[in-house]
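Asks: Questions regarding the structure given below will be posed in turn.
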Amino acid sequence: MTQDGNGSVEIDTSKPHPARIYDYLLGGKDNYEVDRKAADQLAAVAPEVWISVRANRGFLQRAVRHVIDSGIRQILDIGTGLPTSPNVHEIAQELAPGVRVAYVDNDPIVKAHGDALLSRAGTTSIVLADLRDPQSVIDHPEVRRIIDFDEPVALFLVAILHFVRDEEEPERIVATLRDALPAGSFLVLSHATDDFADDRSEAQAVYNNATASMNLRPRARVEGFFDGFELVEPGVAQVPFWRPEATPPAGSEEIGFYGGVAVKKA
């Protein structure tokens, strides 16, 4: 993403973007040829990716219902990706109409689609910002308009941290966001892993020319992102097995996504 001399956003379609790759894998249409080519290359070396993204989406939906049932009425969803119905706010507001949702993404295409769907004057908004600068997310006036950090918040970091390199200090990023949350807040997080595959170097290589690299991490590292929170049962698990509402489909044990939900205690 760049800005021209007039300050308007120019969208770089020369490189695949993770949000648009994910959209294609979910069957969406908001992507470019470069994204589809990258997704097909990924599926060629990691065919389980098709069921993986759907399992991750299912985890997201179940996690939304869990935090709303737990009394949360504010959600900060960072790295939201392109809108795929039912969206976080649709699930949440069906259960509790007054829920406030702030979406954050660094892809201007995501923001453009979000602006078309959401009312900026209402209880849901979308912000163009970057997770790698967490304080700028916290301080963003549009985030502050939607989210009251004096009241419990559900922070969603779903399928986003594996696009943050180690040198960008993902643990520091999560800690900065955590410290902005009051007691009673939740962290919902999922993360790609190669714990269930012998070699994922070819899959990672697909993202070498993308706008963000793929950084697979083991279970212990994923669990570390929940420092300062108390995990709810069943803790960190492969996403199809986190509180499933039906028997997970065949092949679920190969899915390389961990997910977990945790609450911040006083």
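Asks: Here's a check for you: in the range 198-209, which residue that is without any contact (Cβ under 8 Å) to a residue 60 or more places away in the chain and within 21 Å of VAL34 (Cβ to Cβ) is most open to solvent (accessible area, probe 1.4 Å)?
Replies: The qualifying residue most open to solvent (accessible area, probe 1.4 Å) is ASN208.
Asks: Moving on to the next point. Could you list all residues from the range 43-80 that are of a type in the set (Gly, Ala, Ser) and within 16 Å of the chain's Cα centre (by Cα)?
Replies: Correct list: SER52, ALA55, GLY58, ALA63, GLY79.
Asks: Given (1) open to solvent by 10 Å² or more (accessible area, probe 1.4 Å); (2) more than 14 Å from ARG100 (Cα to Cα); (3) touching a Gly at 6+ places or on another chain (Cβ under 7 Å), where does LEU157 come up short, assuming only one miss?
Replies: Looking at each condition in turn, LEU157 falls short on (1).
Asks: Given the conditions (1) at pLDDT below 95; (2) crowded, with 17+ Cβ neighbours inside 10 Å; (3) aliphatic (A, V, I, L, M); (4) over 21 Å from ARG36 (Cα atoms), report the number of the one that VAL236 does not fulfil.
Replies: (1)
Asks: In the range 116-135, is there at least one residue being touching a Ser or Thr at 6+ places or on another chain (Cβ under 8 Å), polar (S, T, N, Q) and over 27 Å from THR247 (Cα atoms)?
Replies: Yes; the residues of the range 116-135 include at least one that is touching a Ser or Thr at 6+ places or on another chain (Cβ under 8 Å), polar (S, T, N, Q) and over 27 Å from THR247 (Cα atoms).
Asks: All but one of (1) touching a residue at least 40 places away in the same chain (Cβ under 8 Å); (2) aliphatic (A, V, I, L, M); (3) assigned to a helix (DSSP H, G or I) hold for ALA212, so report the exception by its number.
Replies: (3)
Asks: So how many residues does the range 165-176 have that are surrounded by fewer than 21 Cβ atoms within 10 Å (Cβ to Cβ) and either under 15 Å from the mean Cα position of the chain (by Cα) or outside any loop (DSSP other than H, G, I, E, B) (or both)?
Replies: Residues meeting the conditions: 7.
Asks: Residue pairs, Cβ under 6 Å, 6 or more apart or interchain, first in the range 180-194 and surrounded by 24 or more Cβ atoms within 10 Å (Cβ to Cβ), second of a type in the set (Asp, Glu). List them.
Replies: none
The values are calculated or read from the model by the stated rules, or taken from the named source; none is laboratory data. All of these numbers come straight from a predicted model, not from anything done at the bench. Ideal geometry is used to build each Cβ from the backbone, glycine not excepted, and the neighbour counts take in all protein chains shown. Just the protein is used for accessible areas: all its heavy atoms, side chains included, with ligands, DNA and RNA removed. Shrake-Rupley method; radii C 1.70, N 1.55, O 1.52, S 1.80 Å.
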